[in-house]
Structures are given as C-alpha cells and as structure tokens.
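The structure appears right after this line, and notes come after that.
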Amino acid sequence: MIDISIDEIGLESVEAFLAATPKQVDAAMASTFIKMARWLTTKSVRELAKHLKLPQKEVRRRLRTFRLARVAGGKGVRVWYGLDPMGMIHLNARQTRQGVSAYGGRFVKGAFIANGRAGAGGPASSNRQVFVREGKARLPIKKVSVELGDEAQTYIEDHLLSGAQFTARFFKVFEHELKWRQTR
C-alpha cells in the first residue's frame with residue numbers, strides 16, 4: 001500500500017485565502033480525491049506501459065480505482081495496481097523457429113505456445129499459454145510469465161507519486177473545486 005501525504009499547511013492557506021466554509025472544503029476535497037484518482041490512473045497507464053514495455057491495454061486491465069471512502073485521517077480514494085507476474089501470452093506472443101517473441105522485445109529461447117488446461121473459462125483451446133520445458137524430456141513444462149512487481153513498484157513511488165507534478169496538480173484541482181463551490 002502506498003501512502004500519499006499532502007501538505008496540510010498548503011491546504012489551509014488555500015482555504016484561508018478563499019475564505020471557504022468547512023462544508024465547501026469537505027466537498028471540494030472529496031471531488032479533488034476522485035479527480036486525482038482518475039488522473040493518476042490515466043498517468044499510470046501511460047507511463048507504466050512505456051517504462052515496462054507493456055501494451056496499455058494490459059496495464060489498464062490491472063488497475064482498479066475504488067470509490068471515495070472514509071479512512072483514518074478523513075476521506076480517501078484507493079488506486080490498486082495488479083503487480084503479479086503477467087503471462088507472456090498477454091503480450092502478443094508469437095511462435096518463431098527459435099522460441100517465442102513478445103511485445104517489448106522479449107524473447108524466450110526454446111519456448112512454445114500451446115493450449116493449457118481447461119479451467120473455469122471454458123475449453124482448453126481458449127486457454128493458450130507460453131510454456132518452456134524444464135529439461136530434455138517432454139514433461140515437465142512451466143508457464144512463462146513476465147515479472148512486474150519490483151520495477152513497477154519503484155517506478156510508481158519514485159516517478160508518479162513523489163514528484164512535484166502530483167502535488168502541484170492536487171493543489172490546482174483543489175483550488176479550482178473550492179472556487180467553483182463558492183460561486184454556486
């Protein structure tokens with residue numbers, strides 16, 4: 001879980017400058033959290049896909065935004081990142097003579113694409129996977145997946161959340177929401 005802290009002194013100075021009521025501040029804060037979660041989701045999809053060399057579609061599939069909820073310090077919105085290993089088949093894997101190549105210049109020598117076991121999703125033909133043999137024998141084989149966890153986690157913490165861009169955007173949206181609520 002990644003914690004985001006916003007400078008309370010900056011928030012209070014914006015509130016004092018605009019002479020906002022507590023009700024207006026609460027409503028503006030709730031709206032700001034929702035808009036920042038949407039902004040963070042969009043920014044995450046673009047930048048993580050570029051950094052990890054993944055299709056945006058696959059990154060978007062692994063992102064979830066949860067509704068505004070009360071947390072210990074007030075209100076908050078959660079953005080969940082699915083950072084478990086991703087099956088190589090999801091990266092537009094293609095069989096070649098030497099192995100399997102996939103999106104982002106990935107290549108596994110000696111790998112092959114085959115139908116996996118039938119599961120809850122239907123017949124085995126719909127469960128194509130990339131496998132590699134563990135020895136010279138026909139079996140055992142193991143599924144090939146791409147690790148995302150550590151690299152994605154450090155990128156999210158270092159570039160998406162800790163930068164001045166996030167804080168500046170937060171204050172800009174908060175100020176806009178507060179001004180809009182005062183004109184109503």
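Quick notes on this one:
- The H on the amide N of G116, modeled in the peptide plane, is under 5 Å from the matching H of N127, R128, Q129, each at least 5 residues off or on a different chain.
- Once divided by 2.2 N^0.38 Å, the Cα radius of gyration of segment 86-146 becomes 1.10.
- The charge dipole of segment 86-146, taken about its Cα centre with unit charges on the Cβ of Lys, Arg, Asp and Glu (plus for the first two, minus for the last two), comes to roughly 200 debye.
- ³J(HN,Hα), Karplus 6.51/-1.76/1.60, whole Hz, each residue of segment 84-90, x for Gly, Pro: 5, x, 9, x, 5, 5, 6
- Under 5 Å between amide hydrogens, built in the peptide plane, is the criterion, and for R78 it picks out F66 among residues at least 5 positions away or on other chains.
- Annotation: extensible slack from N127 through R46 equals 26.4 nm (criterion: 0.36 nm per residue apart, minus Cα-Cα distance).
- Separation of alpha-carbon centers, segment 12-43 and segment 133-184, rounded to whole Å: 22 Å
- Segment K136..K109, full-extension length gain: 8.3 nm, with 0.36 nm per residue of separation and the alpha-carbon distance subtracted.
FYI, it's all coordinate maths here, none of it is from the lab. Only a predicted model underlies this, so the values are computations on that prediction, with no experimental measurement involved. When we count neighbours, we look across all protein chains shown, and the Cβ atoms used for this are built from the backbone with ideal geometry, even at glycine.
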